[in-house]
Amino acid sequence: MSDATPSLQREVLKPPVTQVGVLGWMRENLFNNWFNSLLTLLVLYGLWLSVPPLIKWAFIDSLWISSSEACRDIDGACWSIIPNNISFILFGFFPDGEQWRPITSIIILLSLVFYSKERHRWKRSLGLYWLVGMILMAALMRGGFFGMTLVETAQWSGLPLTLMLSLFGMVCAYPLGILLALGRRSRLPAIKSLCVVYIELIRGVPLISLLFMSSVMFPLFLPEGITVDKILRAQVAIILFTAAYIAEVVRGGLQAIPKGQYEAADSMGLNYGQAMRLIILPQALKIVIPPSVGILISAFKDTSLVVIIALYDVLKTTQVTLSNPKWMGFSTEAYIFLAMLYFICCFAMSSYSRKLEKDLHTGR
C-alpha cells in the first residue's frame, strides 16, 4: 500500500498543447507536411486579398434603402434594388392589392411541408391534408369567388410559381419513379420494355427539349379549340423528367436488397404487392435517400428553365427587374439575392435528408 500511494498522488501529465485543441487540429490538418502547409498559406493569402474588399463592397460602402440615382454615386453594392422591387421579384404580375393570396398560398404550402417532416405523421390522412391544401391554394391563386378578382394562370409568377412547380413536381415524380423502377424489374416483357424505353428516352434528352415540346409541339396535336394550361404542361414535363432519374436510383436500391429478403417474403406467403410494400421497398428507399435528395435538389434548380417558355418564375421576374433602365447595372446584387433564395431551399432539403438518414439509421 505504501508503494502504491505515491503513484496515485503523482500529477497526471497533460498532452502538449500542440497536439490537442485548435493548435492540434491545425497541425494535423493544415500543416502536417510541407505541401499542405504551402497550400494553406496560399489560401490564406488569397483570402486576405479578396475578403476585405468584398466586405467593404457588400457592407461598408453599400446602400440598402435608397433610390437608383443615389446608387450611381457609390463604389459599393446597391442592395436597394431588392426592397424597391421585392414585390415584383416575389409575385411578378399578380395584381396589386391581391398579393395576400399568393402569400397565403405559400404559407399553406410551407405548412404542409413542415407538417410532413415528422415520420409519425406519414399516414393516409397526410395525403388528404395535401389534397385539401392544394385545392385551397389553387382556389386562392385563381380567385373568382367571395369577391376575389379572377387571376389567370398567365399572371401566376415569381416565387409562388417556382415553389409550386418544384414541390408538386417532386411530390408527384417520386411515386411515379418508384413505379417505373418496379416496372423495369418486372418479369413481364411488355411492361419491362415500356419502362426501359421510357426511362432511357427521357434520360437521353435535356429538360429544355421536354419543355419546348410541352409548350410548342403538344398543342399542335390537340383538336381545334382545346387547350391545356401552359403551367400544367410545364409541370407535367418536369414530373416526367424527374421521375425517370428517380426510377434509376430506386432500381439501384432494389438491386442492393439481398435475395434472401425476397425469399423470406415468399416463405411468409406474401404476394408481390405485399412483399414490395412491407419488406422490399422500405429497405430500398432507405438506402437511396442521399442520391434521391440529390436528384430532387437538381429538379428544384431546374425549374428555372421554364423561363425559356415564357413562364415568369422568380428568375424571370428578376431578369425583368434588371431590364428596367433605372436598375440596369445592378445585376450582381439581384443575382446574389436570388442565389440566397435557392441556397436556403436547397440547404433545407439537404439538412432534412441528413436528419431522415439519422432517424432511419441508414448507416447501420
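Using a Gaussian network model of the chain whose springs link C-alpha atoms within less than 10 Å, name the residue from 324, 32, 84 with the highest mean-square fluctuation. Maximum among the listed residues: 32. Peptide packing for 217-227, 327-337, 127-137 was compared via the average number of neighbouring C-beta atoms within 10 Å per residue; ordered from the highest value, the list is 327-337, 127-137, 217-227.
The shape of the range 161-360 comes out oblate: with a ≥ b ≥ c from the C-alpha gyration tensor, a/c is at least 1.5 while a/b does not beat b/c. What separates the Cα centres of the range 75-99 and the range 122-182 is a distance of 24 Å.
Once volume of the Cα convex hull per residue in Å³ is worked out from the coordinates, which option in (1) 295; (2) 130; (3) 120 does it equal? Computed from these coordinates, volume of the Cα convex hull per residue in Å³ corresponds to label (1). Relative contact order for the chain: 18 percent, from Cα pairs under 8 Å spaced at least 6 residues apart, divided by residue count. Find how many whole Å separate the alpha carbon centroid of the range 289-319 from the alpha carbon centroid of the range 233-253. The range 233-253 and the range 289-319 have Cα centres separated by 14 Å. Helical content alone sets the calculated 222 nm signal of the chain at -20500 deg cm²/dmol, taking -39,500 (n - 2.57) per DSSP H segment of four or more residues and averaging over every residue. Amide H to amide H distances under 5 Å link residue 157 with 93, 94, where only residues 5 or more positions off or on other chains count and H is placed in the peptide plane. Close Lys pairs in the chain, defined as Cα atoms under 18 Å apart and 8 or more places apart or on different chains, number 10. Coupling constants for the range 106-111 follow from the phi torsions by the Karplus curve (6.51 cos²θ - 1.76 cosθ + 1.60, θ = phi - 60°), and in residue order they are 5, 4, 4, 4, 5, 5 Hz; glycine and proline get x.
Remark: relative contact order (the range 161-360) = 26 percent; criterion is Cα-Cα distance under 8 angstrom and separation of 6 or more residues.
We did not get these values from a lab; they are worked out from the coordinates using the rules stated. No experiment lies behind these values; they were computed from the predicted model shown. Every residue, glycine as well, gets a Cβ built from its backbone with ideal geometry; the counts of neighbours run over all protein chains shown.
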